[in-house]
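Chemist: The structure follows.
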Amino acid sequence: MLAAEQHSSGKPSSLMRRTSPDLSVEVTAEGFVKEGVGDTAHLSSAKEAAKRQDAYREAYESLHKGYVLPESYLDLENNDAHDASELTRNTRLSNVFGHLEGVAEGFTDEPQILSGPTSVRLNRGNAPGKVWSIKLGSSQFKVSIEDIVTGFDINKALDKIKRVATWYRKGFEIVSETGKDGVAIYNSIGACAHGGQLYLNIVPQCFSIGVLSHEIGHIVEQRARSQESDILDRWAQAITADAVSVSGYGDSNPWEDFAEFAKYYAFCLDGGQQYLDDLKTRSPKRYALAEHILELAGAKPKEWECSTSYNFVVHTHYSQRSLTSYCPCCDCNPIYGPPNSVEKAVGWCKEECKRRGATCTGFFFQTHPNGHEICGFFTGVKPLQSPHKVNHWWHKAGQICDRNAPSLLLQLTGGPDPNKPDAGTDPLMPNDGQNESTPDNSSNSSYIQVHVIDAE
């Protein structure tokens, strides 16, 4: 069984190496398999290489080892990011989005040191080092530094870590699980970094937002692949379908392509919705699968979080939309098409919220006792997170839903103003439609004037 991983700083073209006491297997950037005994590597014959591909695949699929990022990566990254004079549909993604690494200045969370430094023996080589427990926003993770590292301290590390896209902090959490060292900074590892779901090892000269984001790409890919083993095969298909290069380094193989895409996706998260939209247009198959991988790994929140335990939010402004006709035919002509269905109604409200753009942060849905259906859309408030969510029991059905999206950067509003009366009574009860224009839901394409209920 292939076990421990070794990396040689003198072989930047080497993508991965696995060794056992009697055998080493190394896959080069050109796709060759090298074998060696006692650290004396030699290029095997094509026949022997073919035999060893299965052994390499087994080691790779084990998910117990990380990937190596060669020391030459920083030079490749710099060349990629600045050599495009004209952007076309087929322009390499690194040339389009590489400049965004410098825009990660909109962070609002500052890291807190919960404990440390504590003396430990690090997992790599049992090296002596120090470990700190860090809280950043809602995330908690570890940062370790080998004792012989000079000119680099915990404050310099945290100054970069806090600038990594918020969702990507999940990668820091994964490598901080029990028995792991967290973000581990070593004096030398023969490479820029090693990353996988068991560790993130990195050297000071490579400690950048870009390299951290790349390595987190490896971490979340392995975590997701432990649930869906064919993810990289699907990623390879996405590369072919998109027909655009992510970067020179990403062209090496599917797993490096994903890590590079994950890096630029992170840059776009910080850059804003227009960059995410551009990335999605240029590489749609990768984009969709990358978001799925991030969700599987627990990094990307699900787009919608809903609860049937509540059906309204008091003291809160919202914009209302009727889904059915007004009384006396209260449940007629559902806008999503007959027959009436809570599932279809909620699905329609989700799509309407997205149609309204980034300002729509969630909604409530209700089926009134007379069958009339409505949605109320919130701006700047996530109803599930509101302390004013309630359940009005008399409704036949209802729920509230939070929308999670990269562009939803509005802060949540606070509590009610004690100097203003409660505006938390349900709308349009008992006389549905008393303040709205008469709806015409006979066509799914019709829209009516919405009624805004203020907390006055």
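Just so it is clear, none of the values below were taken in a lab; they were calculated from the coordinates. Owing to the predicted nature of the structure, the values given are computational and were not obtained by experimental measurement. FYI the Cβ positions are ideal-geometry reconstructions off the backbone, even for glycines, and counts take in every protein chain you see.
Chemist: If we count every other residue with Cβ under 14 angstrom of ASN126's Cβ, Lys/Arg +1 and Asp/Glu -1, where does the sum land?
Modeler: Result for the local shell: -1.
Chemist: Roughly how big is the range 73-296's charge dipole about its Cα centre, with Cβ charges of +1 (Lys, Arg) and -1 (Asp, Glu), in debye to the nearest 20?
Modeler: In total the dipole reaches around 560 debye.
Chemist: State the extension gain, in nm to one decimal, for the chain segment bounded by TRP393 and GLU228, taking 0.36 nm per residue of separation less the distance between their alpha-carbons.
Modeler: 55.3 nm
Chemist: Moving on to the next point. What nm distance separates the two modelled labels at LYS160 and ILE113, each placed 7 Å from Cα along Cα→Cβ?
Modeler: 1.8
Chemist: Sticking with this structure for a sec: What order do you get for ASP159, ASP270 when you list them from fewest to most C-beta neighbours inside 10 Å?
Modeler: ASP159, ASP270
Chemist: Kindly flag which residue pairs out of LYS130/LYS160; LYS350/LYS396; LYS160/LYS285; LYS285/LYS382 have an alpha-carbon separation exceeding 26 Å in this structure.
Modeler: Listed pairs above 26 Å: LYS160/LYS285; LYS285/LYS382.
Chemist: With just the Cα atoms defining each centre, how far is the range 161-176 from the range 278-335? Give it in Å.
Modeler: Here the answer is 26 Å between Cα centres.
Chemist: Still on this model: Which stretch or stretches of the range 281-295 have amide N atoms under 20 Å from the point lying 7 Å from THR240's Cα along the Cα→Cβ direction?
Modeler: Zone members listed by number: 283-290.
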